[in-house]
Amino acid sequence: MYFFKSSLEGLSPVVGSLLLLLIVFVLVGAVASSINLSGCRANFQQPMARITLESCEGGIYGAGSVSKWVTFKENQIVLMHEGGDSLPLNSISVRISGYGNSFQGNISNGSGKRIEGDVGVLYLDLSQKGKNPDYIIRNSAVIEDGFWDVGEKLILCGRDSAIGSIYSSVKVSVGGVEKTKDNYGFKAGSEITLMVIDSEGRNVIAERKAVVKLAD
């Protein structure tokens with residue numbers, strides 16, 4: 001009896017110490033998890049901004065009356081940042097869908113092919129990378145600091161894709177055909193849908209619709 005009593009008395013402090021250590025580990029784990037979660041929320045906070053579609057002008061080339069033919073360069077969409085967070089150009093993409101046209105091959109030497117149908121346009125980002133020089137000049141105020149700020153306009157054009165063999169960050173498909181020259185035009189009088197997307201958080205910042213007005 002004395003032996004068992006001594007054993008139990010000797011084990012009591014050990015068990016108490018183990019329980020105390022277990023409680024400490026649980027508390028430390030809970031605090032660490034709380035810090036990590038709050039840090040993650042801070043790091044992945046989704047940007048919020050009020051983007052309006054100020055104007056949408058354009059048309060298609062090579063179909064219908066010649067007087068109504070419109071070049072890719074004349075297709076322009078004006079977006080305005082009216083409030084909220086500044087948007088980093090390199091992580092903001094734009095999707096546009098509607099009825100229009102693009103082309104394949106080289107139109108200048110007669111080997112090009114015009115294609116018309118449901119057009120899908122994707123700007124992988126809004127920075128100057130992979131764009132036509134005209135895009136950079138047209139949006140110089142926005143590009144200067146790399147952020148689309150409140151009060152600034154962004155102008156998209158049917159010829160924003162990079163020239164020649166340079167990698168283009170503007171991708172255009174027509175009727176499921178993805179191998180185009182990445183230029184685009186939308187039919188006058190038709191409706192387009194435009195989405196501004198945060199590429200990192202994969203959330204839609206703004207979605208707008210507009211009817212294409214025939215370019216002057």
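Structural remarks
- Residue among G130, G158 that alone is of a type in the set (G, A, S), in contact with a helix residue (DSSP H, G or I) (Cβ under 9 Å, 6 or more places away or on another chain) and open to solvent by less than 20 Å² (accessible area, probe 1.4 Å): G158
- Lone unmet requirement of (1) exposed (fewer than 15 other Cβ atoms within 10 Å of the Cβ); (2) under 22 Å from the mean Cα position of the chain (by Cα); (3) free of Cβ contacts under 8 Å to residues at least 24 places away in the same chain for K113: (2)
- Any chance Y123 is of a type in the set (F, W, Y), farther than 17 Å from T71 by Cβ and out of contact with any Pro (no Cβ under 6 Å at 6 or more places or on another chain): yes
- Residue match in the stretch 189-205 (condition: part of a loop (DSSP other than H, G, I, E, B), at pLDDT 95 or above and surrounded by fewer than 19 Cβ atoms within 10 Å (Cβ to Cβ)): yes
The values are calculated or read from the model by the stated rules, or taken from the named source; none is laboratory data. This one's a predicted model, so the numbers in the text were calculated from it and none came from an experiment. Because the Cβ atoms are built from the backbone with ideal geometry, glycine has one as well, and the counts that use them run over all protein chains shown. Heavy atoms of the whole protein, side chains included, go into the accessibility calculation; ligands, DNA and RNA do not. Shrake-Rupley method; radii C 1.70, N 1.55, O 1.52, S 1.80 Å.
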